[in-house]
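The structure appears right after this line, and notes come after that.
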Amino acid sequence: MNRRSLSAESLHSSRISGQAYKPLSSNSKVYDRWTIICIIIASIGILHGFWMLIAPEHWYHNLPAGVPEYGPFNVHFVRDLGCISFLLGAGTLIAGFYPIYRLPLFTMHTAFYILHMLVHVHEVVSGRVRLSMFWVDLPGVYVPGVVFFILNIFLIKQARNDQPIQRTIRN
């Protein structure tokens with residue numbers, strides 16, 4: 001094995017799926033269908049977070065999901081959740097343009113929605129809230145959780161397919 005065969009140029013010159021492999025750097029901006037999906041999801045998260053931060057009492061009483069059913073108004077708690085919603089939205093916006101960060105940032109957003117959904121399932125199953133709250137929460141809690149989960153599976157599959165073929169170097 002000579003010096004040239006171990007150079008960075010030779011390590012990245014292999015052909016994968018008929019195209020030259022170009023490693024993504026953290027500065028590589030990409031515009032694809034995931035960019036659009038992430039922008040839509042991020043916009044909802046950022047706007048929702050702003051609403052919670054700027055007008056927590058308005059959010060508490062006017063969100064169609066029936067938030068008062070789950071407990072008394074707590075401005076600090078609503079704003080804490082607003083921070084989470086805003087940050088997840090901002091992370092998803094970054095994920096839309098930078099594929100190197102896409103899977104971990106999108107997965108964090110998905111994990112929040114899945115965990116949030118499980119909390120609501122527990123509330124209904126344990127009898128803390130009435131069974132009819134399932135239907136109230138369906139469009140804003142359960143459907144997003146399932147949609148995020150499905151999208152995350154597609155994103156994981158795409159990330160696996162985009163991985164470069166690892167070759168072992170033998171002496």
Exercise. Within the range 80-90, can you find the residues that are touching a residue at least 40 places away in the same chain (Cβ under 8 Å) and surrounded by fewer than 19 Cβ atoms within 10 Å (Cβ to Cβ)?
Worked result: ALA90
Exercise. If you check LEU63 against the conditions, is it in contact (Cβ under 8 Å) with a residue 60 or more places away in the chain, surrounded by fewer than 17 Cβ atoms within 10 Å (Cβ to Cβ) and under 23 Å from the mean Cα position of the chain (by Cα)?
Worked result: yes
Problem set entry | Members of the range 121-148 that are of a type in the set (A, V, I, L, M), over 23 Å from the mean Cα position of the chain (by Cα) and assigned to a helix (DSSP H, G or I) | VAL124, VAL125, MET133, VAL136
Exercise. Residues in the range 121-141 that are closer than 30 Å to ARG33 by Cβ and in contact with a helix residue (DSSP H, G or I) (Cβ under 6 Å, 6 or more places away or on another chain): how many?
Worked result: 2
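Each reported figure results from applying straightforward, stated rules to the coordinates on display, with no laboratory input. Here the structure is a predicted model, which is why all the values come from computation and not from measurement. Glycine gets a Cβ as well: all are built from the backbone with ideal geometry, and neighbour counts include every protein chain shown.
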